[in-house]
1. Please enumerate the residues belonging to the stretch 265-299 that are more than 28 Å from residue 65 (Cβ to Cβ) and part of a loop (DSSP other than H, G, I, E, B).
2. So the check is Cβ under 7 Å with 6+ separation or different chains; which pairs have a first residue in the stretch 131-142 that's farther than 12 Å from residue 229 by Cβ and a second one that's acidic (Asp, Glu) and surrounded by fewer than 24 Cβ atoms within 10 Å (Cβ to Cβ)?
3. Could we say that residue 328 is of a type in the set (Val, Ile, Thr), within 19 Å of residue 254 (Cα to Cα) and touching a Ser or Thr at 6+ places or on another chain (Cβ under 8 Å) here?
4. Give the residue, chosen from 281, 289, that is closer than 20 Å to residue 165 by Cα, more than 16 Å from the ligand (Cβ to nearest atom) and either open to solvent by 10 Å² or more (accessible area, probe 1.4 Å) or among the β-branched types (Val, Ile, Thr) (or both).
5. Is one or more of the residues making up the stretch 298-311 more than 16 Å from the ligand (Cβ to nearest atom), basic (Lys, Arg) and surrounded by fewer than 21 Cβ atoms within 10 Å (Cβ to Cβ)?
6. Report the residue count in the stretch 164-215 for those that are open to solvent by less than 40 Å² (accessible area, probe 1.4 Å), assigned to a loop (DSSP other than H, G, I, E, B) and aliphatic (A, V, I, L, M).
7. If I ask for residues that are more than 16 Å from the ligand (Cβ to nearest atom) and without any contact (Cβ under 8 Å) to a residue 60 or more places away in the chain, which ones from the stretch 242-271 would you list?
8. Taking only the stretch 126-139 into account, find how many residues are within 13 Å of the ligand (Cβ to nearest atom) and surrounded by fewer than 24 Cβ atoms within 10 Å (Cβ to Cβ).
Amino acid sequence: MVSYIPSIHFELNTYRIFIASLLLLLASTSFAQDYKTITAQKGDGIYSVLKQNGLSPGEYLNQFIELNKTKLGKDNSLIIGRTYRLPIVAEKKPQIQDSAPVTEASQEKKVYEIFGDKYKDVTITSRELSKAVFYLMSGHGGPDPGAIGSLNGHLLCEDEYAYDVTLRLARNLTERGATVYMIIRDPNDGIRDEQFLTPDRDEVCFPNQTIPLNQLARLRQGTEAVNKLYAQNRSKFQRLVVIHIDSRSQKQNIDVFFYHDKRSDAGKKLANTLKDTFGERYARHQPTRGYNGSVSERNLYVIKNSFPPAVFIELGNINHTRDQKRFIFSDNRQAVSNWLRDGLIHDFNKSFK
Ligand SMILES: [Zn+2]
């Protein structure tokens, strides 16, 4: 349960201090030492190294690649002299919080201030994602507004719209029993239903870090926040979802695009499942529309360096009138976040047994 508390709400100062010191403690004591490491020798490959360490390649191959994806050579070969992390054997004992299943009649209610006054009360309607942990990261924030478009004299800032969709997704996943961490957090913008979201600069990075202006420092900060949490949740299913809005020429109408790191099979599977879910929903709701969303590899710092399998989503072109409708209207922001939730549930059901 402790890992659940810091995920979304921070309404109590005492909790905040307690969690901050807990996180500090975890970060400084257990994180670095949790992984056993090996140094690759001549002739070593992932299979042989896993076997030598009593880990079944069938079970741990993908995890090994995820943990070491920045250090692998061509075709996932090991490079002699480099140090690699070994996956941690999953705990087989049941989690305490699963021992008392929630029945329909006793649906749990929780309050998360981060969703704002109108949306802070959340009813946990199912436990289907109780073994899933999602790290949700909206693009930019703090001093960096990301892409800027305009409509009817209003500035449209990428970070505000990406944040609202991400927050709606966080609420959707929480309702289904998931543990959700909002990595970029705004202390006073909850879920907003207006068309024009006022830009501000007060977003912070989990748990409460000032976001630097320098791009690399900003990306590293978010990635490190995710990677610290990853170590605490290792017996669970974990995914990182990064949400941005693209900026292209005014003429270019684009669909929702999904990117994954080239070394991550799980990330690729996740991206494809999300794309298929969007294709299926568009076919159902707007049969004449056609959908040209795509999945591709892309070399992006956050998805390359984060430990959990990750997907990077571009919701559209902030400069294109038709794309703008996808995020200007709150109903559409909600629909996008519902479809993302449904895709994430499919991915969880396919990947985690
Ligand atoms: Zn962006």
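1. Across the stretch 265-299, the qualifying residues are 286, 287, 288, 289, 290, 291, 292.
2. 141/203; 142/203
3. no
4. Criteria check complete, one pass: 281.
5. No; the residues of the stretch 298-311 include none that is more than 16 Å from the ligand (Cβ to nearest atom), basic (Lys, Arg) and surrounded by fewer than 21 Cβ atoms within 10 Å (Cβ to Cβ).
6. Number of matching residues: 5.
7. Listed by number, the residues that qualify are 260, 262, 267, 268, 271.
8. 0
The values are calculated or read from the model by the stated rules, or taken from the named source; none is laboratory data. It should be emphasised that the depicted structure is a prediction, and the values quoted were computed from it without experimental measurement. Every residue, glycine as well, gets a Cβ built from its backbone with ideal geometry; the counts of neighbours run over all protein chains shown. SASA here: full protein model, heavy atoms, side chains in, ligands and nucleic acids out. Shrake-Rupley method; radii C 1.70, N 1.55, O 1.52, S 1.80 Å.
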